[in-house]
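Structure first, then comments.
Bear in mind that the values in this text are calculations on the coordinates, not laboratory data. What you see is a predicted model; the values in this text were computed from it and never measured. Quick reminder, even Gly has a Cβ in these numbers, built from the backbone with ideal geometry, and neighbours come from all protein chains shown.
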Amino acid sequence: MAAEAGVSPRSVQYHFRSKHELLVAALRLLHQDNERRARLRITADPGDPGALLRSIIDELLPLDAQRRATLRVLAAYYARSLTDPALAAVFLHDQHPLEELVAAVIAQAQRTGAAPPALDPDAEADILVSAAVSLGGDVLHGGRTLAAVRRTLDYHLGRLLPPSAKADPPGPAGG
């Protein structure tokens, strides 16, 4: 395997004391690479919360070969993390940047009148991200089609950002 990567086995052994240490490091690198790729792909206008949320959620779906492969690798790592504390620490850390980003978009939509004020942005972000992850896994397994998953996620996005919630911008007084 080291030869396929263009390095000597001895070099790998020098940098990683064990296969387990290599696996943990690879998972961290996978997360960093996913974040870098997502930043490049998420190009929606920040002023359009619906398009921005759709773009963020798309990163959790198997839309292309790269994302399908990544989701499969993450699923394998996740399964192993259930019995491996070091891998679990990579998955179950105290930070939730994706959920925080989604919550911030929802909160901003509330401030502009695009989302109902009664929503709890943090809870809605948790629901939306969890749904996308789970439904994306169903697509990988062949249990759902991507089109069906998109309809479900669009349904939820429509509840978060209903057309009726969009307030008209205030006009001039008396006009």
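Comparing His15, His96, His156, which has the greatest mean-square fluctuation in the GNM of the chain with Cα pairs linked when under 10 Å apart?
His15
Under 20 Å from a point placed 7 Å out from the Cα of Thr152 along the Cα-to-Cβ direction: which residues of the stretch 45-74 have their backbone N that close?
53-64, 67-74
Volume per residue, Å³, of the convex hull around the alpha-carbon atoms of the stretch 28-72?
Cα convex hull per residue, to the nearest whole number: 67 Å³.
Taking Cα atoms, how many degrees apart are the long axis of helix 121-141 and the longest axis of the chain, rounded to 10 and kept between 0 and 90?
Compared with the principal axis, the helix lies near 50 degrees.
Shape of the stretch 87-165 from its Cα gyration tensor (a ≥ b ≥ c, root eigenvalues): rounded if a/c is under 1.5, otherwise prolate when a/b > b/c, or oblate?
oblate
Starting from the Cα of Ala86, step 7 Å along the direction of its Cβ; do the same at Arg37; then give the gap between the two resulting points in nm.
2.5
Evaluate the relative contact order of the chain (contact order divided by residue number), counting alpha-carbon pairs under 8 angstrom at least 6 apart; express in whole percent.
Reported relative contact order: 20 percent.
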